[in-house]
Amino acid sequence: MKYAVIGNPIDHSLSPVMHNANFKALALEHDYEALNIDSNHFHLIKDIITERNLSGFNVTIPHKENIIPYLDEIDEQSKTVGAVNTVSIVDGKWIGYNTDGIGYVEGLKTVYPDLSAAYILILGAGGASKGITNELMKHVNNKITVANRTQSRFDSWKMDINKIDLKDAQKALSEFDIVINTTPLGMNNSNDLVINLDNLSPHTLVSDIVYIPFKTPILKVAEEKGNPIQNGLDMFVNQGAESFKIWTNQSPDYDTMKKAVLNHL
Ligand code: ATR
């Protein structure tokens with residue numbers, strides 16, 4: 001069977017390394033490649049994928065929304081988020097899923113196993129935040145708080161959450177057990193923090209969905225304060241593991257997948 005990730009740019013994607021390592025560990029003769037598809041050629045997506053005889057593919061920036069009109073079905077999570085990162089092709093039918101949210105939550109549970117009583121603050125209200133919030137709501141009893149710079153971003157949110165701005169998040173920070181940064185601040189060598197962590201409680205887990213850099217500025221500051229931290233590596237590996245499960249109905253070799261990614265960072 002053949003699989004791929006489509007995106008643009010895609011050269012630096014670690015998905016091929018991660019999935020091929022898993023296939024090898026499980027002695028599966030599958031293959032996973034990276035396909036660069038620019039937006040001008042996206043209308044050819046059906047031909048490109050069909051020509052390659054793929055059984056499924058992942059979708060990354062900038063096509064997670066573009067892919068939706070080409071799908072025969074999409075799951076509940078993709079509908080809520082408005083974006084798809086996994087497509088399974090079954091008897092010529094294209095079915096869309098979004099494994100980013102479940103990937104994040106599976107990763108979070110490895111460091112914070114019982115989420116039921118946690119008070120959680122999510123920074124950012126974009127697509128990633130929406131997927132994570134929707135998935136977290138299945139595990140958390142307390143209302144989740146989402147903080148965003150631009151309040152109109154919440155207009156498309158149908159979930160029952162507390163919606164606040166970043167200033168209020170900064171003030172109320174001590175109330176939360178888990179703080180999750182879903183904004184891109186801290187990528188691209190910037191030292192900016194989306195909020196300052198002065199009011200952070202000593203026990204609070206600070207988490208970021210980014211893993212390149214391995215420690216974003218918000219994680220560095222939290223670590224310096226002595227707080228537990230988690231970067232986005234487990235989310236990345238778990239979203240891939242969930243895609244593999246959808247495609248094959250098999251359990252992946254998670255440790256091999258994670259090691260393959262770590263070896264290439
Ligand atoms: P993704 O799909 O990765 O979530 P996105 O949908 O573009 O990406 O969302 C990016 C999020 O980061 C948004 O919440 C955005 O805030 P706005 O809605 O106010 O734009 C947030 N973000 C990006 N740059 C930011 C900055 N400099 N300061 C604060 N928030 C920022």
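Observations, loosely collected:
- Within the stretch 209-231, restricting attention to residues that are closer than 17 Å to PRO113 by Cα and under 16 Å from the mean Cα position of the chain (by Cα), the residue that is surrounded by the fewest Cβ atoms within 10 Å (Cβ to Cβ) is ASN231.
- The number of residues in the stretch 107-133 being within 16 Å of the ligand (Cβ to nearest atom) and of a type in the set (S, T, N, Q) comes to 2.
- Test: residue in the stretch 166-189 that is among the hydrophobic types (A, V, I, L, M, F, W, C) and more than 22 Å from ALA222 (Cα to Cα): no
- The requirement of being within 16 Å of the ligand (Cβ to nearest atom), closer than 30 Å to ILE164 by Cα, assigned by TED's automatic domain parsing to the domain that holds LEU14 and without any contact (Cβ under 8 Å) to a residue 40 or more places away in the chain is fulfilled nowhere in the stretch 85-96; no residue meets it.
- Qualifying residues in the stretch 3-23 (those that are in contact (Cβ under 8 Å) with a residue 12 or more places away in the chain and over 26 Å from TYR70 (Cα atoms)) - the one surrounded by the fewest Cβ atoms within 10 Å (Cβ to Cβ): VAL17
- Some residue of the stretch 49-61 being buried (at least 23 other Cβ atoms within 10 Å of the Cβ) and within 28 Å of GLN170 (Cα to Cα): no
- Count of the stretch 220-243 residues, restricted to those that are farther than 16 Å from GLY107 by Cα and among the hydrophobic types (A, V, I, L, M, F, W, C), is 2.
- Among (1) small (Gly, Ala, Ser); (2) more than 12 Å from the ligand (Cβ to nearest atom); (3) open to solvent by less than 20 Å² (accessible area, probe 1.4 Å), the one test that SER174 misses: (3)
- Residue in the stretch 192-206 that is part of a loop (DSSP other than H, G, I, E, B), without any contact (Cβ under 8 Å) to a residue 40 or more places away in the chain, in the same structural domain as ILE164 (by TED's automatic domain parsing) and of a type in the set (Asp, Glu) present: yes
The values are calculated or read from the model by the stated rules, or taken from the named source; none is laboratory data. Keep in mind that this is a model prediction, so the values were computed, not measured. With ideal geometry, Cβ positions are generated from the backbone for all residues, glycine too; neighbour counts draw on all protein chains shown. Only protein heavy atoms, including side chains, enter the accessible area calculation; ligands, DNA and RNA are left aside. Shrake-Rupley method; radii C 1.70, N 1.55, O 1.52, S 1.80 Å.
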